[in-house]
Structures are given as C-alpha cells and as structure tokens.
1. What value, in deg cm²/dmol to 500, does the helix sum -39500 (n - 2.57) over DSSP H runs of n ≥ 4 give at 222 nm once divided by the residues of the chain?
2. Estimate the FRET efficiency between Ile146 and Lys102 by the formula 1/(1 + (r/R0)^6), using the beta-carbon distance for r and 25 Å for R0, to the nearest 0.05.
3. If each of Met1 and Tyr125 carries a label point 7 Å out from its Cα toward its Cβ, how far apart are those two points in nm?
4. May I ask you to derive the FRET efficiency for Ile173 and Ile85 from their Cβ-Cβ distance with R0 = 22 Å, giving the value to the nearest 0.05?
5. Would you mind computing, in nm to one decimal, how far apart the modelled labels at Val118 and Ala185 are, each placed 7 Å from Cα along Cα→Cβ?
6. Would you mind working out the magnitude of the charge dipole of the chain relative to its Cα centre, with +1 at each Lys and Arg C-beta and -1 at each Asp and Glu C-beta, to the nearest 20 Debye?
7. Which one of Leu163, Leu190, Val150 is farthest out on the positive end of the charge dipole of segment 91-191, using unit charges on Cβ (Lys, Arg +1; Asp, Glu -1) and the Cα centre as origin?
8. Any number yet on Rg/Rh for segment 120-191, C-alpha, Kirkwood?
Amino acid sequence: MAASILTGILVFFLLEKLLLWRHSHDHEGDQLAAHAGHDHGRSGALIVVGDTIHNFLDGILIAAAFLQSTQLGIVTAMAIVAHEIPQEVGDFLILLNSGYSKAKAFLLNMLSSCATLVGGALGYYALQVIQGWTPVLLGIVAASMIYVAVADLIPGLHRRTSLRATLSQTILIALGIGSIALARALLEGLQ
C-alpha cells in the first residue's frame, strides 16, 4: 500500500501541474476572449468533464473503502463529501463565470455529481471480482487526501500568520481530528 500512496502523490502532483499548465495557457486565451467579450464556455466545459471523471473515481474509492470495512467506508465517504462541498461551489462559480445560467450550472453540477454513484456501483461490483485492487485504491484514497493537505491546505494556512488566525486554525484542525475520532468511536460502538 505504501507504494500506491507514494505513486498516488506523484500522480496527483503531475495532474495538478498539467491542469495548472493547461489553465495558464487557457487563461491567456481567456484573456484574449475576455477582450472579445466571452470565452464561449470553454472553462465551464473543462470543469464539467474534469469534475465528472473526478466524481466517478471518488465513487470507486468509496466502494473500495466499504469493501475493506464499513467503518473505513463511512469515514472515506465523509472525508470525500467534506472535500466535495467547497469544490462543487467553486465549480458552480466557474460555470457562472463561463456564461452558464444559474439553473444550467446547477444542473450540470448535479449531473456531474451523479458520476459518484455510477463509480460507486461499478466499483462495488467490479472490485469484488478483483479484490487485489482494494489496497491499491485505498492507497490512492490516502494519497489524494495527503496531497490536498500538503499542496493546498497547509500552504494556505501558513499564509495567515497572525496569532488569531493560528489559534482558529489550530481549533479547526483539532475539531477535524475530534470528528474523525468521534466517528470512529460511534462506528465501533455500533459493532
């Protein structure tokens, strides 16, 4: 599993670099299009495609976790939901900025989110047949969460250095750890 975690971190790094490179090139084009008055929805279309693939993979990862244990499945699903809420809000705003109406942006976001269910169902049945993939996928789940923390969360926290910000960050981290401990205790109590 350690190899899949380390490989996953490297893959997520490279994917993000590719997306940043693509975004910076697209952004140059978007600036030209902005001068012309629109981007023809290109940014929004890329977001929908990328988010659909991301949600599909999230579904497979949740299924892999549930196949390992119900406790791990619930904790993984909770972590993915916590990660998805701000991401979906950001995607919605990108869709709005790409010229989509609120109704169409919401509908596209909802349809994209349904890929999680498809990935979960497919993963649940497929992974039962190929049980050997479960540890690898769990390693990828861990890698994705570690990468988000290392690449996005921790650097963002370090930008706010005031004592008040540090105190609130520490409290929020402790609440996150506490919520995981509480979820684990509740799940162990149910067994």
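Read the figures in this text as sums done on the coordinates, not as results from a lab. Since the structure is predicted, the reported quantities are computational estimates derived from the model, not experimental observations. Note that we place each Cβ from the backbone using ideal geometry, even for glycine, and neighbour counts take in every protein chain shown.
1. After summing the helix terms and dividing by residue count, I get -31000 deg cm²/dmol.
2. The pair Ile146/Lys102 has a calculated efficiency of 0.10.
3. 2.8 nm
4. 0.75
5. Between Val118 and Ala185, the simple spin-label model gives 4.1 nm.
6. The calculation lands at about 300 debye.
7. Leu163
8. Ratio of gyration radius to Kirkwood radius: 1.14.
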